[in-house]
Each structure stands twice: as C-alpha cells, then as structure tokens.
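One structure is given below, encoded as structure tokens.
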Amino acid sequence: MNTYARRGQLPAKPHTVFRQPDGSLYHEHCFTQAGFDGPFSILYHRHPPQNHGGAEAIDPVFPLAVTATTTANEALRRRHLRSDGLARHSTPLAGRVPLMFNKDLTVGFVRPTEDDDRYFINGDEDDLFYCHSGGGELRSWFGTLRFGPGDYVVIPRSTLYRFVLERSGSTGTGGSAGAVIPQDWLWIACRSGLRVPTQYRNPVGQLRMDAPYTPRDFRGPELTADIDPNGPREANGGAMVVSKRSDRFSQHRWAHPPLDTIGWDGTVYPFVFPILNFQAKAGAVHLPPTVHGTFASGASLICSFVPRTVDFGPDAIPCPYPHSNVDVEEVIFYCDGDFTSRRGIDAGSITYHPAGVPHGPHPGAYEASVGVREVGELAVMIDTFDTLVFTPQGTAIEAAGYDETWWS
C-alpha cells in the first residue's frame, strides 16, 4: 500500500543480534501480509510481542453488520441517511455503528465522546476512517499519527492500536485539558483489503507521474521514546487487548505495555491521506467517476470529490449524466460545499443509489450546470459491486421520501 519508510533504531540487517542497553535482545516482530509473499514491515520491541495470555471469548464490542437482517421483498429505492441522527456516545472502538454492508465491506459511522480505554487488533479488515469533524491521534505499534478534519486514516489489519481524541482548549490530545471536541467519522471496514488502484502504479510499484497523488501527500506515524505514556494499564503494568477474527471477539491480557516499539521499517503501516491532497482531473467533457478513484478493495472503489475546475469544452454539461450503472451500487457521504446534483442534502448526509434502476441529478440540476466552470463540493463516494444490505441502525436514520424527490 505504502512506500518504504523507516523509524527509530534498527540493526544493520534483519534477523540479526540487536541488543538493548542492558545487554538483552530487542525482540524482532515480522508483520507480513499474504503469508510471507506480500508487503511487510519489521518492528523491534522492548518486550516479546507474543507475551500475552488469559484469552477470553467476549461479546461483540460493537454491533456486527453480519447479524443484520433485511426483508427479502424490500423495495429497491434510492435512500438518504442522516448521520446526525446517530447519538454521540462511547469510544471510537465501541461506538462504531454499521449502516450497510456486503461481503466486501461494511459502511458505518462513529461519533465518539471518549478515548479508547483498551487496545484493539482487527484481524478481519483493513479499517478506513474519514474524519469529517474532530480529530486526535492514532497510537499504534508504529507510533503516533495525528489526524483532523478532511483526513483519511488507514489502519492495516492486525495492527494493535487505540484512538485518543482531541480536546478543547488544547493543542494536544488526551489528559484533562478539556472536553472532547465533536467527532464525526465515516467508517469503512474492508474485508478484502485496501490498496492504491493498480492503474496508478508503474511496473516497479512506484506511483506514476500521472497518478492523482504522490508519496509526499501521505503521512505516516512518528515514533517517540514512549508512544502511549498514559495508555490503559492493568494492575500488573500490562494492558488489556481486544482482538477480532472471523467476527469473533476475544480479550487478552498482556504482561507489559504493548506499545513498546523502538524502531521499524517496511511498507505496511497506518497512514493519513488528506482528501484535499487529491489532484482532480478535468476534461473537455464530463469524465466518469473512476477518475476520482482514491482507494480500491477487492470489489469496491472509494472516490474523492474535491473542489475543482470542471469540463471546459464547448457546450459541455458538467453535471453528472443520468446513468444505469448496472453492476455497481453507489454510496456518497457529503462533506462540504454546494452539492449541485442533489437537493435536500446537507453536510453529513449519506445517500445510497442501488444498481438495477437509473439514477442521476435532481430535476433542473442537469441543465443548470451548463456554463459552470468550477465546483466546490467535497464528498466521499463508494462504488461496490456486491449488493449492499442495510442494518437496523442504518434504516433507523433514513430520511423519508428521498426516492420521490425526482418527481418534480
């Protein structure tokens, strides 16, 4: 996913003696994908990362999308969800609310009010968060990663981490500086992994010069001597870690603080990508939404719509054309700006347009866009091949009558 990076202290070569000041060995930790054939990173810890025990099966920490049900003959309709209908509550881990899902991904939302009080390892999915408002720090094996409004935060599966939220009256996070500032995050859990679209890579894996971003646009974690000095601790000085695998939750007691990394290098690590760093493309006439592709999974494309110059050719119609995308479901999270093709949509709205029926701009928007030269919208779109199923939590925040708004 990433370019090569290195942080902290490292030996000259992997799998060789690397001693602590007291003469004992640092503990090498190989973090590998696709067995040993895919991307990897190598971390070095003060304590053995396998020193945990007391595993217990526990109830799900947050609602599982796979437990949702849907009516078999539910009408096929365009839908509008209002994320502000969800309560602000709990931690970034326990407060995750799934809204819709398929076998490739889960789309949800998080409005946390407290720091994570335990560490988490997601063995099922790469997690992608889009921070609409709020911010804080992701503290993981790889170090500290600050994020704020407009940032995508990507966490590779099986990374140990917790979130610490930004507070009012402080330039830092955590502690007692003030109240947690309002947080609103779009959440996408990608079961088939997350990657840069293949067409943006050259044969050696480098981002092409015509890709919509460069390696300089991505930000990795910073490694300090103590990653999480005020992290949750057990009586023995260790910590409680929750893990998820095959949608089963377990908790493990670690014999030491788990964020004890002193160095790492490789290509697998959490990172931030600010959405406004996406370099939009324009054409003489309207380009398909695939040019806005930012991340890809096994059967989905996540796109970024940013303020941009639009179609410049004679008689060009900048507004998206009505279309039947016969293989793909479309979800859009509206962040900011003037959403010219939709009415009744606000920042924080989430729309769903299913495959099987035509969709497109609201009446009047198509012709009104003629002559427009730039747009100020900011939105995240998810195109996914497999049918999305709504959860009860998603249905509960649906705005009535959205499907009928095209009648007039």
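Each value in this text was obtained by applying a stated rule to the coordinates, not by laboratory testing. Values in this document were obtained by computation on a predicted structure and should not be read as measured data. Ideal geometry is used to build each Cβ from the backbone, glycine not excepted, and the neighbour counts take in all protein chains shown.
The table below gives the values:
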quantity	calculated
Under the Karplus curve 6.51 cos²θ - 1.76 cosθ + 1.60, θ = phi - 60°, whole-Hz ³J(HN,Hα) for the stretch 361-377, x wherever Gly or Pro sits	x, 5, x, x, 5, 4, 6, 5, 7, 4, x, 5, 10, 8, 10, x, 6
Fully extended contour minus Cα-Cα distance, from Ala57 to Val204, at 0.36 nm per residue	48.6 nm
For the stretch 277-406, projected area of the alpha-carbon convex hull averaged over all directions, nm²	8.1 nm²
Around Phe312: net Lys/Arg minus Asp/Glu count, Cβ-Cβ under 15 Å	0
Kirkwood-based shape ratio for the chain, expressed as Rg/Rh from alpha carbons	0.99
Peptides ranked, highest mean first, by Cβ atoms within 10 Å: ranges 119-132, 37-50, 84-97, 224-237	119-132, 84-97, 37-50, 224-237
Mean Cα-pair separation over length for the stretch 277-406, i.e. relative contact order, pairs under 8 Å, 6 or more apart, %	30 percent
Lys/Arg +1, Asp/Glu -1 at C-beta; the stretch 277-406 dipole; positive extreme among Val380, His359, Gln393	Val380
Pairwise centroid distance, computed over Cα atoms, of the stretch 41-66 with the stretch 310-377, Å	43 Å
Label-point gap, in nm, between Arg233 and Leu25 - each point 7 angstrom along Cα→Cβ	2.8 nm
Nitroxide proxy distance, nm - points 7 Å out along Cα→Cβ at Val326 and Gln50	5.3 nm
Residue among Asn325, Asn73, Asn277 with the largest mean-square fluctuation in a Gaussian network model of the chain, springs linking Cα atoms under 10 Å	Asn73
Relative contact order [Cα under 8 Å, 6+ residues apart], the chain, whole percent	21 percent
Burial ranking of peptide ranges 197-204, 344-351, 186-193 (average Cβ count within 10 Å, highest at the top)	186-193, 344-351, 197-204
Karplus-derived 3J(HN,Hα), 6.51/-1.76/1.60, for each residue of the stretch 125-136, Hz, glycine and proline x	9, 7, 9, 10, 10, 10, 7, 7, 8, x, x, x
When the stretch 337-408 is reduced to its Cα atoms, the Kirkwood hydrodynamic radius in Å	14.3 Å
Computed FRET value (nearest 0.05) for Ser250 with Asp403, which takes r as the C-beta separation and R₀ as 45 Å	0.60
Structure-based [θ]222 nm, the chain - -39500 (n - 2.57) summed over DSSP H runs of at least 4, per residue, nearest 500	-500 deg cm²/dmol
